[in-house]
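Shown next, in structure tokens, is the structure this report addresses.
The values are calculated or read from the model by the stated rules, or taken from the named source; none is laboratory data. Bear in mind the structure is a predicted one, so any value in this text is a computation, not a measurement. Quick reminder, even Gly has a Cβ in these numbers, built from the backbone with ideal geometry, and neighbours come from all protein chains shown. We work out accessible area using only protein heavy atoms, side chains counted, and drop any ligands, DNA or RNA first. Shrake-Rupley method; radii C 1.70, N 1.55, O 1.52, S 1.80 Å.
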Number of protein chains: 2
Amino acid sequence: MAALVNDGFLRACRGEPVNRMPVWFMRQAGRSLPEYRALKDRHTILELCRDPELAAEVTLQPVRRLGVDAAILFSDIVVPLQGMGIALDIKAGIGPVIDEPIRARADVDRLRMLEPDHDVSHVLDAIKLLRKELEIPLIGFAGAPFTLASYLIEGGPSKNHARTKALMLGDTPTWSALMEVLSESVVAYLRAQIHAGAQAVQLFDSWVGHLAPHTYEAHVMPWVRSIFDGIRDLGVPSILFGIVTGELLSLMSRSGADVIGVDWRVPLDEARRRIPPGMAVQGNLDPAVCLAPWDVVQAEATEVLARAGGRGHIFNLGHGVLPETDPHVLAELVDLVHSWKVPS
Amino acid sequence: MAALVNDGFLRACRGEPVNRMPVWFMRQAGRSLPEYRALKDRHTILELCRDPELAAEVTLQPVRRLGVDAAILFSDIVVPLQGMGIALDIKAGIGPVIDEPIRARADVDRLRMLEPDHDVSHVLDAIKLLRKELEIPLIGFAGAPFTLASYLIEGGPSKNHARTKALMLGDTPTWSALMEVLSESVVAYLRAQIHAGAQAVQLFDSWVGHLAPHTYEAHVMPWVRSIFDGIRDLGVPSILFGIVTGELLSLMSRSGADVIGVDWRVPLDEARRRIPPGMAVQGNLDPAVCLAPWDVVQAEATEVLARAGGRGHIFNLGHGVLPETDPHVLAELVDLVHSWKVPS
């Protein structure tokens, strides 16, 4: 096992002082890197996820190239669903597609809990390989139950999540049964990742910003909280992230996560006003800014750093790296964040 | 010209007291109505928009069926772009597709201002036909310049508007030139609609919620303001609408519109705290709620009414009617809103 040379990311998650600002990028591994696209020419995404050596290699690519302060396991939020026996595929230009969407109680009753050691041992093997190499923290992750449920119910990516909401509001017992099996599976999955070596975890509730606050509070928040409650004893920092969450930040910040990930729509000083004092924030440069000339990237990134104020901030984009991003810009951005003078 | 029997909608726009709550639905004309789908089997959307008789018929369909307090002209926000000579189509399952996207200054310089009497006379004819029939106010509309620009630059609907933002941030002179020709065309278009008989107008800035507040303020808000400034002398109420605008509401409310349309993500009492006192609000039931059982619709709609507080509120959905909505539910919803006791 490699020694942890740089713990700035973990310190910032806990709100501790840092010498230089930690930074990583959501989707830092993947489509923006030519070395990833070369692998992708020969393998599907799910093949890359299923092979521990390949998943580890893809995870390491941005670490070698960008100088980030954390690695995030290369995988996909549907991997544990596939592990649970749900037939699915990730289709180019579309995203995850579920063979038999879940629409009724009988569909939910057929689901079985994830058994990580049996169902996703390849993920745990990738984590073990990575810990031998990495001198920075490794972030494990899972999709949050609402976002997973939306894929299962809609059958794929959805513009308005209408079927998901109709089931949630119209058949709450079935919804709760689905959220229960997903939440328990996510807890088992994250615990297994941590036991295998993940030093932090991020829960991606990508689509939760489609919900009104009172709907989130009634039908989603209790399950998110059950996940953070279910991993707290393992003592690793946890991050909760979604996009379009301005109205949900206050509720999300009371779900038990240590860090709230914020997209670029809410300035981080305003985000801090909606969450408990001292809680850490992650974000939030608009990924599209990285397509603009460097002087714009510089000005916008500096604005993000200034608004967050240093302490308890992990610099990141507000959502994933766009495929058309020049990785040299990301490397320069890492240098810029690292050279920013952290207020004392 | 038919006499205006019911002016509740216009009174609410102006913040005046009403005897019963006014209600209409974005996309009330269209995909949820079987009588519309019957027409759609024989005509494309652009054919329906281009034929004054057909556009008027589609506009009237929900008025006959639902008992709403306002009609909205059936058209599409790309109709004036087509009028300006831009080659485009509306493709089933995709949306507007632009033949030659605008990517550089030369593309912008080739655009010409809309001349409504010449370019979109069919729209004005439809409005004149409608005013002969309608006993409720007719709402005209246009797409806002950011949203139109996004279609023109991306070439169609976009997930992240990355090219649009890159142009806006990276080549501000070209961006401004594009916004200028679009804004001036929108002013001309709305003025012509009002002269033809539209008794209110709504500006749809559907995608503006993808922008951070400081970006909206610098690169979009001045153009939106120029539009409301450009129609103010005509004295009809104006509505500004976008989705995911929680962080933008304060800025949007200072753009010169009389009414702010709010999606379901921001409770209307919270929305009111972000805009000037007394300004009217429109919204904001989640369209997906209409797919749930009636008791859920009833509870959620009543919650919307209560939070908005009555005065200066036009009941609507938070976005367009979903195609799978049962129109009987919409009719029942109109009755529910009308029977709600307006606080005195």
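Starting from the Cα gyration tensor of segment A:79-132, take the square roots of the eigenvalues, sort them a ≥ b ≥ c, and report rounded, prolate or oblate (rounded when a/c is under 1.5, otherwise prolate if a/b is larger than b/c, else oblate).
In terms of gyration-tensor shape, oblate.
What is the dipole size for chain B, taken about its Cα centre, with +1 at each Lys and Arg Cβ and -1 at each Asp and Glu Cβ, in debye to the nearest 20?
500 debye
Leaving out ligands and nucleic acids, and using a 1.4 Å probe, what accessible area per residue does chain A come to in Å²?
37 Å²
Tally the DSSP beta bridges in the protein assembly as shown and give the antiparallel ones as a percent, rounded to 5.
The antiparallel fraction comes to roughly 15 percent.
Got a number for carbon plus sulfur as a percent of the protein assembly as shown's accessible area, 1.4 Å probe?
Reported share for carbon and sulfur atoms: 50 percent.
Which of the listed residues, A:60, A:19, A:124, is farthest toward the dipole's positive end in chain A, when Lys, Arg count +1 and Asp, Glu count -1 at the beta-carbon?
Positive-most Cα among the choices belongs to A:19.
What's the center-to-center distance, using Cα atoms, between segment A:259-273 and segment B:244-260 in Å?
20 Å
What accessible area, in Å² to the nearest ten, does a 1.4 Å probe give for residue A:75?
20 Å²
Quickly rank B:83-92, A:20-29 as a protection proxy: mean count of other C-beta atoms within 10 Å, highest first.
A:20-29, B:83-92
Would you jot down the residues in segment A:180-228 that end up with at least 50 Å² less accessible area in the complete protein assembly than in the chain alone, with a 1.4 Å probe?
Residues shielded by partner chains are A:214.
State, in angstrom, two size descriptors of chain A derived from its alpha carbons: Rg to one decimal place and Dmax to the nearest whole number.
19.0, 57
Go ahead and estimate [θ] at 222 nm for chain A from helices alone: -39,500 (n - 2.57) per DSSP H run with n ≥ 4, summed, over the residue count, rounded to 500.
-13500 deg cm²/dmol
Pairs to check: B:91/B:128; A:91/B:40; B:91/B:159; A:91/B:159. Give those whose C-alpha atoms are more than 21 Å from each other in this structure.
Those over the limit are B:91/B:128; A:91/B:40.
Could you size up the charge dipole of the protein assembly as shown around its Cα centre, putting +1 on the beta carbon of Lys and Arg and -1 on that of Asp and Glu, and report it in debye to the nearest 20?
980 debye
Could you please state, rounded to a whole Å, how far the C-alpha centre of segment B:283-344 is from the C-alpha centre of segment A:37-66?
48 Å
Between residue A:125 and residue A:172, what FRET efficiency follows from the Cβ-Cβ distance if R0 is 56 Å, with the result rounded to 0.05?
0.90
Name the residues of segment A:284-309 whose accessible area falls by at least 40 Å² when all protein chains are present instead of the chain alone, probe 1.4 Å?
A:288, A:300
For the A and B pair, go ahead and give the buried accessible area with a 1.4 Å probe, both sides summed, in Å² to 100.
Protein heavy atoms only, the A-B interface buries about 2400 Å².
Under the classification rounded if a/c is under 1.5, otherwise prolate if a/b is larger than b/c and oblate if not, where does segment B:48-200 fall, given a ≥ b ≥ c as square roots of the Cα gyration tensor eigenvalues?
The shape class here is prolate.
Measuring from the lowest to the highest alpha carbon on each principal axis, how far does segment A:196-303 reach, largest first, in angstroms?
Principal-axis extents of segment A:196-303 (Cα, largest first): 44, 36, 25 Å.
Rounded to the nearest Å, what's the spacing between the alpha carbon centres of segment B:96-140 and segment A:163-210? Just the number, please.
That distance is 46 Å.
From the label point of residue A:3, set 7 Å along Cα to the beta carbon, how far off in nm is each other copy's matching point, shortest first?
9.2
For the pair residue A:298 and residue B:132, how long in nm is the line joining their label points, each one 7 Å along Cα→Cβ?
6.5 nm
Among B:179, B:138, B:252, pick out the residue whose Cα is farthest towards the positive end of the charge dipole of the protein assembly as shown, where Lys and Arg carry +1 and Asp and Glu carry -1 on C-beta, about the Cα centre.
Farthest towards the positive end: B:252.
For the protein assembly as shown, just the Cα atoms, rotate onto the principal axes and tell me the three extents in Å, largest first.
Here the Cα extents, ordered largest to smallest, are 83, 56, 48 Å.
Roughly what would the spin-label model give for residue B:214 and residue B:339, points 7 Å off Cα along C-beta, in nm?
5.2 nm
Considering only A:194, A:212, A:44, whose Cα is most displaced toward the positive end of the charge dipole of chain A, charges sitting on Cβ of Lys, Arg (+1) and Asp, Glu (-1)?
A:212
Of all beta bridges DSSP finds with both residues in chain A, what is the antiparallel percent, to the nearest 5?
The answer is about 15 percent antiparallel.
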